[in-house]
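A quick write-up on the structure given underneath.
The values are calculated or read from the model by the stated rules, or taken from the named source; none is laboratory data. Bear in mind that the values here come from a model prediction, so they are computed numbers and not experimental data. When we count neighbours, we look across all protein chains shown, and the Cβ atoms used for this are built from the backbone with ideal geometry, even at glycine. Accessible surface areas use protein heavy atoms only, side chains included; no ligands, DNA or RNA. Shrake-Rupley method; radii C 1.70, N 1.55, O 1.52, S 1.80 Å.
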Amino acid sequence: MEIVLKLYERKLELSLKKVPRHIMIVTESSFLNRLDEFLRWCRKFKIKEVTICIREGKRLVTSQSLNGVNVNFVMGYSGKDEIIDAVKELAKLVKDGRLNVEDVDEKLFERFLKIKSSPDLIINVGDEIPEFLIWQSIYSELYFADISQFRYVDFLRCLREYQRRERRYGR
């Protein structure tokens, strides 16, 4: 059975021509034990950015480069929290007279978000709708993987499904 799985994985690898630049994965904290493995998979397909969203945990948003992949960690910090924090920062600048309210637009607002880039693909490991990066993920492709153990073959299936979709960015 193992050899059949390896052959299937190889077939999937060879079929991939278009991959996302930025993947967000929404998962449980136990996923962190396999983060190195997941990042190795991403490097193999030249995925430049990965955002790991953990549903539970102490509030944390951080970014760092790990062996050529920009990795964002978001724990216990919802998309609503991020938007409210950005609005508060903008409101303070307006109140202090350092910003005119008429100058606030999408581009300026996005400068105040914790994670700047938009994920091309969101992989949700579980059955709950993800509530992270609400602003950035408006045009992201969603892939729900209702599985307990996220394996390499599951990763490849996500990439295959992404490749099959026609991204229209709301049009």
Original post:
At a 1.4 Å probe, what is the % contribution of carbon and sulfur to the accessible area of the chain?
Top reply: 52
Original post:
Measuring with a 1.4 Å probe in the full set of protein chains, what accessible area per residue, in whole Å², belongs to the chain?
Top reply: 60
**OP:** Starting with the highest mean, order 1-7, 17-23 by the number of other Cβ atoms within 10 Å, averaged over the residues of each peptide.
**Re:** 17-23, 1-7
**OP:** For every helix of n ≥ 4 consecutive DSSP H residues, a contribution of -39,500 (n - 2.57) applies; sum these over the chain, divide by its total residues, and give [θ] at 222 nm rounded to the nearest 500 deg cm²/dmol.
**Re:** -10500 deg cm²/dmol
Subject >> Relative packing of 115-125, 129-139, 146-156, which averages over residues the other C-beta atoms within 10 Å, highest first >> reply: 115-125, 129-139, 146-156
**OP:** Sum up the lysine pairs in region 57-130 that clear both bars: alpha-carbon distance under 21 Å and a spacing of 8 or more or different chains.
**Re:** 15
Original post:
Convex hull over the Cα atoms of the chain, averaged projected area in nm²?
Top reply: 11.6
**OP:** Can you tell me the order of 80-92, 58-70 when each peptide is scored by its average per-residue count of other Cβ atoms within 10 angstrom, highest first?
**Re:** 80-92, 58-70
Subject >> Cα centre as origin, Lys/Arg/Asp/Glu Cβ charges: the chain dipole, Debye >> reply: 760
**OP:** Note down the magnitude of the dipole of region 90-171 about its Cα centre, charges +1 on Lys and Arg C-beta and -1 on Asp and Glu C-beta and zero elsewhere, to the nearest 20 debye.
**Re:** 300
